[in-house]
Amino acid sequence: MATKSSNSNFHRAAKVKNDEFYTQLADIEKELKHYKDQFGGKVVYCNCDDPFESNFFKYFAANFKALGLKRLIATSYKPSPIANTQLGLFGDDKTLEPQKGRPKVNANKLIINDVGDLDDDGAFDLKDVAEQLKANKNNEWAPLDGEGDFRSPESTELLKQADIVVTNPPFSLFREYVNQLVEYKKRFLIIGNDNARTYVDIFELMQKNKIWSGYEKVKEFIQPDGSIKGFGNVGWYTNLDVAKRHESLTLYKKYSPKEYPKYANYDALEVSKVTDIPVDYDGEMGVPISFLDKYNPDQFEIVGSSSNLSGPIKTKDGLVYRYKDRNGYMRQAANERFALPDGDTWRRIYDRIVIRKK
Ligand SMILES: C[S@@+](CC[C@H](N)C(=O)[O-])C[C@H]1O[C@@H](n2cnc3c(N)ncnc32)[C@H](O)[C@@H]1O
């Protein structure tokens, strides 16, 4: 369960544009294990990833052969405070100390086309990556002309060559980041805040089954000083196939008008818990946003959300939509949320997704 403080960390990050939270290898492995059969013969691009610091790069370099990748591309972002400073994510691997000729202040790109177990220890590891780079065998490591912004012409050119983009992009640019991937029709697996599902364009993509949730939540990230910061409600977004999208939610509750009241400003039932969706109701139902973690498009259709469907309520004194807030004060609101009748007033309901059985 997300804590209040861990959630507010994320909001603070988005607000002050602090995008420097790095993903731990264990979280990448936990999610990526579900997609292994989808990477064979593919070009993977990590476009917000300093190849010398990112665990995404580390994961794909070390699993290059096991996944059967065709190519791995990583580009770093020059303004990153850790660019070229060795965060230490590579542990004690001294072979990856900055080398002669390594670009010092530039953003850089690293392209791996070929890996082999150079030190002959039976496993391809990061030492081998370093060796391969030194030998410069069919691999490329060069400074970028610009800053490595994912929207820059250089990065966009690399994006065009990619089949699958995998990374944890800057929190503050999430919307723009996803829109670019969709525009270039790329497959992707990326980390983002669950709240992004309420952004109009991201919600629309989920509604149209263009993107969906991955499997896991990511609870902790590494900060530039090496400390760990906890987050609530951060997970994976993807358009790669996930098995759980094909699994139906098991429904067991029966509909009753008493247990499932209708909203005063939209013709749908309030279902306050996803597990309480009634098995025998065919009309529209409002469910919490966490429904998206369980959504099977063969079982349900997404009709819309409370922010685009809720209408105004006219009271007898002519006011539009008054509700009682958490402290019991009467408030007047824009019609962006559903409201349930509550005596002679209304109770405002948290964001809802409206669904209907298929
Ligand atoms: C949340 S961090 C994650 C870093 C890395 N992908 C990982 O998972 O450990 C996002 C990274 O994107 C970089 N970044 C910020 N703005 C960027 C941009 N416009 N283009 C590319 N990268 C950017 C940041 O410097 C930061 O290193």
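Quick notes on this structure:
- Filter on K42/K273; K70/K357; K217/K262; K33/K229; K30/K186; K42/K208 - keep pairs with C-alpha separation over 30 Å: K42/K273; K70/K357; K217/K262
- Net lengthening on full extension, S172/D201 (0.36 nm per residue, minus Cα-Cα): 8.9 nm
- Straight-line reach from K127: taking Cα to Cα under 12 Å and skipping same-chain neighbours fewer than 8 places apart, the aspartates and glutamates in range are D92, D93, E97, D117, D119.
- Multiplying the residue separation of E157 and D280 by 0.36 nm and removing their Cα-Cα distance gives an extension gain of 39.2 nm.
- Cα-based convex hull, the range 220-306, per residue volume (Å³, whole number): 151
- Residue by residue, the range 151-158 carries 3J(HN,Hα) couplings of 8, 5, x, 4, 5, 5, 4, 5 Hz when phi is fed to the Karplus relation 6.51 cos²θ - 1.76 cosθ + 1.60 (θ = phi - 60°); x denotes Gly or Pro.
- Accessible surface of the range 133-219, 1.4 Å probe, proportion on carbon and sulfur as whole %: 47
The values are calculated or read from the model by the stated rules, or taken from the named source; none is laboratory data. None of the values given here were measured: they were computed from a predicted structure. Heavy atoms of the whole protein, side chains included, go into the accessibility calculation; ligands, DNA and RNA do not. Shrake-Rupley method; radii C 1.70, N 1.55, O 1.52, S 1.80 Å.
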